[in-house]
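K.L.:
Submitted below is the structure of interest, expressed as structure tokens.
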Amino acid sequence: MASLTPDGWRARVDPSAFPRREPGPINVQRYQFVPAYSGIATFLGLPLCLTPEDLRAGGVEVAIVGAPVDMGTGHRGAAFGPRAIRASEWVVAHTPSMLMDSDTRINPFNELIVVDYGDAAVDAMSVEDSMEPIRGIVREIAETGAVPVVLGGDHSILWPDAAALADVYGAGKVGVVHFDAHADCAESVNGHLASHATPIRRLIEDEHIPGRNFIQVGLRSLMLPDDELLAWMRARGMRSHFMAEIDRIGFPAVLDKAIAEALDGPEYLYLSIDIDVLDPAFAPGTATPEPPGLTTRELLPALRRICHETPVVGIEVVEVAPNLDPGNTTAMNARKAIFECLTGLALRKKGIPGPAYLDPIAAGTAEDAESLQERRRNGLDPSRRSACGGCHGVGAVRQSWKPVRNRDNTARDSTRAASFSTLILTALVVIVSVFSNAHDHAKAVSLSRERPDLLASTNRPMAEPCWSWGHRSSSRAR
Ligand SMILES: [Mn+2]
């Protein structure tokens with residue numbers, strides 16, 4: 001029996017103790033379709049890599065790695081985050097080839113080689129001692145050219161994570177976009193330099209990351225930054241977007257600013273997502289919730305945009321504490337956050353132009369050939385629709401939607417135009433539904449005359465099971 005050595009928590013096992021295998025990603029799937037609650041809980045059922053040789057042999061482009069520490073919060077729970085994010089039940093299958101981002105209709109796993117890289121070594125007795133092995137494993141991934149996606153763990157890991165990327169891409173060459181309710185810039189907590197409230201101070205003072213390229217979004221804590229801390233942040237050139245600014249000019253405008261600032265200088269970007277940037281309604285399972293926060297419909301597409309439109313070389317999602325997470329809401333949103341990041345990276349790799357790309361069918365902007373012909377047959381020539389666009393009334397109605405979308409509170413003047421447009425929309429819906437019902441009815445009548453065989457076939461009694469999984473076991477057995 002092997003004896004426990006003091007460095008057993010970080011010493012790697014001797015590979016010669018196991019049967020030899022060729023380096024490369026290890027498939028963990030036995031079946032073609034795996035429900036989310038089944039199988040070996042790698043991230044979304046992805047293949048597993050254990051060594052840098054595996055990453056290189058597999059040509060891996062993104063490696064997901066856990067950093068399970070939570071002593072940096074002083075609140076137990078986030079160490080269980082990586083496992084919760086990997087294992088939390090989600091309606092989707094743990095079958096990456098079946099998954100698709102519905103906004104862009106992209107399957108990131110068809111475009112990128114993504115694996116799970118297991119967890120960093122952590123000392124359950126010391127957050128300080130855990131920093132160096134975390135930095136080591138993130139560096140190990142980045143050195144192969146793959147993008148590390150780190151699952152926290154508390155936010156103390158931002159220090160080793162971003163330092164590792166500066167090790168690989170050059171000190172001062174990596175900027176950070178940091179989503180968080182908290183500024184995380186404190187000098188120390190109870191004298192501890194490594195904590196979830198201090199990582200940014202370490203990164204800037206150690207000159208891994210330039211202060212002016214640390215872009216914060218979503219700040220709103222009850223305690224910090226106080227005037228003294230804010231003075232330190234501003235002296236370092238940090239650019240911080242508080243929730244009040246988001247309320248004032250709207251999230252899309254703040255996001256545009258954050259992206260422009262992030263690209264102002266650095267060649268590369270690190271994306272740090274503290275899940276507590278979300279409103280506690282969307283992320284109750286975190287040690288330091290702060291209402292009111294971002295919605296998932298703000299944050300998730302923003303992450304996709306940043307990974308698509310900026311040179312992101314590393315990502316972390318931190319502070320998921322499953323012991324505080326009834327319903328797995330927080331773990332589910334953390335998982336979707338990573339999925340959106342992967343989709344963004346896939347869009348970038350495919351060279352799809354931004355900004356804020358959406359698939360035309362998903363966005364409702366597609367005019368496919370068939371519906372275009374149908375509209376022409378019905379006398380609805382789409383090229384003629386713009387003719388009334390210059391009309392005085394229509395122009396006013398169009399403008400009235402803009403401030404609503406931007407959450408601009410000064411736009412009350414437009415309320416009347418907005419209710420007018422609601423009225424017009426309602427009238428339109430009624431007219432269109434009446435028209436299309438009549439149209440469908442006429443079509444069905446003429447169809448039944450021209451093709452009586454079609455109607456007859458739908459009346460045939462169902463003899464076979466109606467779907468392919470054959471839940472009628474008796475008909476399958478024979
Ligand atoms: Mn944080």
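K.L.:
Quick one: is residue 266 within 23 Å of residue 142 (Cβ to Cβ) and more than 16 Å from the ligand (Cβ to nearest atom)?
P.N.:
yes
K.L.:
Test of understanding: among 16, 88, 97, which residue is buried (at least 17 other Cβ atoms within 10 Å of the Cβ) and either touching a Pro at 6+ places or on another chain (Cβ under 6 Å) or among the small types (Gly, Ala, Ser) (or both)?
P.N.:
Sole residue among the options that is buried (at least 17 other Cβ atoms within 10 Å of the Cβ) and either touching a Pro at 6+ places or on another chain (Cβ under 6 Å) or among the small types (Gly, Ala, Ser) (or both): 88.
K.L.:
If you don't mind, another one. When you go through (1) closer than 30 Å to residue 326 by Cβ; (2) touching a residue at least 60 places away in the same chain (Cβ under 8 Å); (3) not basic (Lys, Arg) one by one for residue 96, which number turns out not to apply?
P.N.:
Single failed check for residue 96: (2).
Conditions (1) outside the structural domain of residue 335 (by TED's automatic domain parsing); (2) surrounded by fewer than 17 Cβ atoms within 10 Å (Cβ to Cβ); (3) not in a helix (DSSP H, G or I), marked per residue:
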residue: 4; (1), (2), (3): yes, yes, yes
residue: 30; (1), (2), (3): no, yes, yes
residue: 34; (1), (2), (3): no, no, yes
residue: 64; (1), (2), (3): no, no, yes
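K.L.:
Which pairs do you get when a residue that is more than 20 Å from residue 251 (Cβ to Cβ), found in region 209-228, comes within reach of a residue that is among the polar types (S, T, N, Q) and surrounded by fewer than 24 Cβ atoms within 10 Å (Cβ to Cβ), reach meaning Cβ atoms under 9 angstrom, with the pair 6+ apart or on two chains?
P.N.:
Listed by first residue and then by second, the contacts come to 225/240.
K.L.:
Now for a separate question. Name every residue in region 113-162 that is among the hydrophobic types (A, V, I, L, M, F, W, C) and within 16 Å of the ligand (Cβ to nearest atom), in order of residue number.
P.N.:
127, 131, 134, 150, 151, 157, 158, 159, 162
K.L.:
Report, by residue number, each residue of region 77-94 that is assigned to a loop (DSSP other than H, G, I, E, B) and touching a helix residue (DSSP H, G or I) at 6+ places or on another chain (Cβ under 7 Å). Please lay out each step first, then the result.
P.N.:
From region 77-94, those assigned to a loop (DSSP other than H, G, I, E, B) are 77, 88-94; that's our starting set.
Matches in region 77-94: 77, 88, 89, 90, 94.
K.L.:
Enumerate the pairs (first residue in region 337-350 and under 11 Å from residue 112 (Cβ atoms); second residue anywhere and of a type in the set (Gly, Ala, Ser) and crowded, with 24+ Cβ neighbours inside 10 Å) with beta-carbon separation below 9 Å, excluding pairs fewer than 6 apart on the same chain, so at least 6 apart or on different chains.
P.N.:
As it stands, the answer is none, since no pair meets every condition given.
K.L.:
While we're looking at this one, here's another question. Any idea which residue in region 180-234 is surrounded by the most Cβ atoms within 10 Å (Cβ to Cβ), counting only those that are polar (S, T, N, Q) and away from the ligand (no atom under 12 Å from the Cβ)?
P.N.:
213
K.L.:
Also, quick follow-up: Check region 346-368 and report whether any residue there is out of contact with any strand residue (DSSP E or B) (no Cβ under 9 Å at 6 or more places or on another chain), modelled with pLDDT under 75 and more than 30 Å from residue 167 (Cβ to Cβ).
P.N.:
yes
K.L.:
Against the definition (more than 16 Å from the ligand (Cβ to nearest atom), among the hydrophobic types (A, V, I, L, M, F, W, C) and surrounded by 21 or more Cβ atoms within 10 Å (Cβ to Cβ)), how does residue 278 come out, yes or no?
P.N.:
no
K.L.:
Sticking with this one: So which of 218, 211, 237, 250 is touching a Lys or Arg at 6+ places or on another chain (Cβ under 7 Å) and farther than 23 Å from residue 172 by Cβ?
P.N.:
Of the residues listed, the single one that is touching a Lys or Arg at 6+ places or on another chain (Cβ under 7 Å) and farther than 23 Å from residue 172 by Cβ is 250.
K.L.:
Also: In region 297-330, how many are of a type outside the set (D, E, K, R), farther than 29 Å from residue 265 by Cα and more than 16 Å from the ligand (Cβ to nearest atom)?
P.N.:
Residues that pass the stated criteria total 6.
K.L.:
Give me the pairs: first residue in region 294-319 and over 21 Å from residue 61 (Cβ atoms), second residue of a type in the set (S, T, N, Q), beta-carbon distance under 7 Å, and six or more apart or on different chains, which are they?
P.N.:
296/333; 319/286
The values are calculated or read from the model by the stated rules, or taken from the named source; none is laboratory data. Everything numeric in this text was worked out from a predicted model, so none of it was measured. So basically every Cβ, Gly included, is an ideal-geometry build from the backbone, and we count neighbours across all protein chains shown.
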